[in-house]
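Report on the following structure.
Taken together, the values in this text are just the output of simple stated rules run on the coordinates, not laboratory data. Being a predicted model, the structure only gives us computed values, none of them experimental. Note that each Cβ is placed from the backbone with ideal geometry, even for glycine, and that neighbours are counted across all protein chains shown.
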Amino acid sequence: MRIDIITVLPELLKSPFEASILKRAIEKNLVEVHLHNLRDYSSGNYKQVDDYQFGGGAGMVLMVEPIDKCISQLKSERDYDEVIYMTPDGDTLNQGTSNEISLKKNLIILCGHYKGVDQRVRDLFVTREISIGDYVLSGGELAAAVLCDAIIRLLPGVLNDETSALTDTFQDNLLAPPVYTRPSNYKGTKVPDILLSGDFPKIEKWREEKALERTQEKRPDLLK
Ligand code: ADE
C-alpha cells in the first residue's frame with residue numbers, strides 16, 4: 001500500500017509514522033507514506049494556499065489550484081483507488097470502513113484546514129469523505145493519522161500475531177472480552193478461574209459470552 005498525504009502542516013504528521021507499529025510497517029516495506037506540503041504547489045511569491053471566502057464570512061478556505069496541481073502531479077505518476085478528504089461532515093469512520101480501505105493499493109488523503117477546502121476540490125477530485133467523529137479538530141492532520149493507523153495495522157504482516165486484529169473490538173460488531181495478565185491474584189483480586197483452567201474450548205466460549213455481555217452493557221446499538 002502507498003499513502004500520499006496532502007497537508008499544510010506536514011510536521012504535525014511526522015511523529016505518528018516514526019514510532020511503534022506504523023514505523024515497523026514502513027521499515028518492513030508493507031506501506032509507504034509520503035507527506036506533501038501544499039505550499040510547494042502554490043504559485044506566486046507568497047506561497048499562498050488559502051484565501052477569504054466569496055460572499056464574506058470568517059475563516060480562510062484552501063484554494064483549488066494548489067490542490068489540483070498536487071493531485072494531478074501524483075495522478076500522473078500512478079493510479080489511485082481513492083482520494084479521501086478528511087472532514088467533520090464526512091462519513092464517520094468505523095471498523096468496517098477501515099477494513100475496506102485497508103484492501104486498497106494507492107490512496108491520497110487530503111487534510112482540510114481553517115474553513116475547509118474550496119467546494120470544487122470536493123466536486124472534482126475527492127472520491128470519499130471521512131470524519132473521525134462528531135467534533136471539530138483544527139485540521140485534518142490528526143484525523144488522517146487516525147485513519148492511517150486504523151488501516152495500516154490491518155495490512156498482512158504488520159501485527160506480529162496475525163490473528164490479533166481479528167479479535168479486536170468491533171471486528172464482529174462486538175466489543176472485545178476482558179483480558180488479564182500476571183499476577184493471577186493482585187491484592188486479592190483474582191483472574192477468573194476459567195482462564196487458568198487450560199480448557200481452551202471452554203475459554204473460547206467464556207470469551208464469546210463476555211464479549212456479548214460487554215456489548216449489551218456498553219454498546220447495545222452494535223447489536224441492532
Ligand atoms: N477535520 C476537522 N475535524 C475533523 C474530524 N472530526 N474528522 C475528520 N477531519 C476533520
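First measure r as the distance between the Cβ atoms of residue 167 and residue 138, then evaluate 1/(1 + (r/R0)^6) with R0 = 45 Å and state the FRET efficiency to the nearest 0.05. E(calc), rounded to 0.05, equals 0.85. In angstrom, the C-alpha Rg and Dmax of segment 83-150 are 11.2, 31. What angle do you read, to the nearest 10 degrees and between 0 and 90, between the alpha-carbon axis of helix 141-152 and the longest principal axis of the chain? Helix 141-152 sits at roughly 50 degrees to that axis.
Over 22 Å apart at the Cα level, from the set 104/210; 104/224; 190/210; 23/105; 75/105; 105/224, are 104/210; 104/224; 105/224. How many angstrom lie between the C-alpha centres of segment 1-26 and segment 95-129? Centre-to-centre (Cα) distance: 16 Å. Over the chain, DSSP H runs of length four or greater, each weighted -39,500 (n - 2.57), average out per residue to a 222 nm ellipticity of -9000 deg cm²/dmol.
A Cα-only calculation for segment 172-223 places Rg and Dmax at 12.6, 36 Å. Counting only Cβ charges, +1 for Lys and Arg and -1 for Asp and Glu, the dipole size of segment 90-148 around its Cα centre is about 180 debye.
The alpha carbons of the chain give a radius of gyration and a Dmax of 21.6, 71 Å, in that order. In a simple Cβ point-charge model (Lys, Arg +1; Asp, Glu -1; nothing else charged), the chain has a dipole of about 600 debye relative to its Cα centre.
Here the residues 1, 86, ranked from fewest to most Cβ neighbours within 10 Å of their Cβ, fall in the order 1, 86.
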